């Protein structure tokens, strides 16, 4: 009997939220250090993560993730939580 395979995402909403919160912290750190190269690196990492995640999960909202790195952004909007 053939084993059923499912195209389940590797990450779920809670994972994306945790990563977005970590990226917020990284961006705040880079800005506090007044290091533009570090800020640019964090922003590049966010865009690369968004591209990877959008290929992993058809429900992933790329634009929401990219805007979620903004310090103070409400990453958990649907759950009613905030940072």
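The values are calculated or read from the model by the stated rules, or taken from the named source; none is laboratory data. Since we're looking at a predicted model, the values are computed, not measured. Don't worry about glycine lacking a Cβ; one is built from the backbone with ideal geometry, like all the others, and counts go over all protein chains shown.
Restricting attention to segment 8-16, does a residue exist that is surrounded by 14 or more Cβ atoms within 10 Å (Cβ to Cβ) and at pLDDT 90 or above? Checked segment 8-16: no residue is surrounded by 14 or more Cβ atoms within 10 Å (Cβ to Cβ) and at pLDDT 90 or above.
Applying the set (1) surrounded by 14 or more Cβ atoms within 10 Å (Cβ to Cβ); (2) over 23 Å from residue 14 (Cβ atoms) to residue 46 leaves exactly one unmet item: (2).
If I filter segment 27-41 for residues that are within 12 Å of the chain's Cα centre (by Cα) and modelled with pLDDT of 75 or more, do I get at least one hit?
No, there is no match, as no residue in segment 27-41 is within 12 Å of the chain's Cα centre (by Cα) and modelled with pLDDT of 75 or more.
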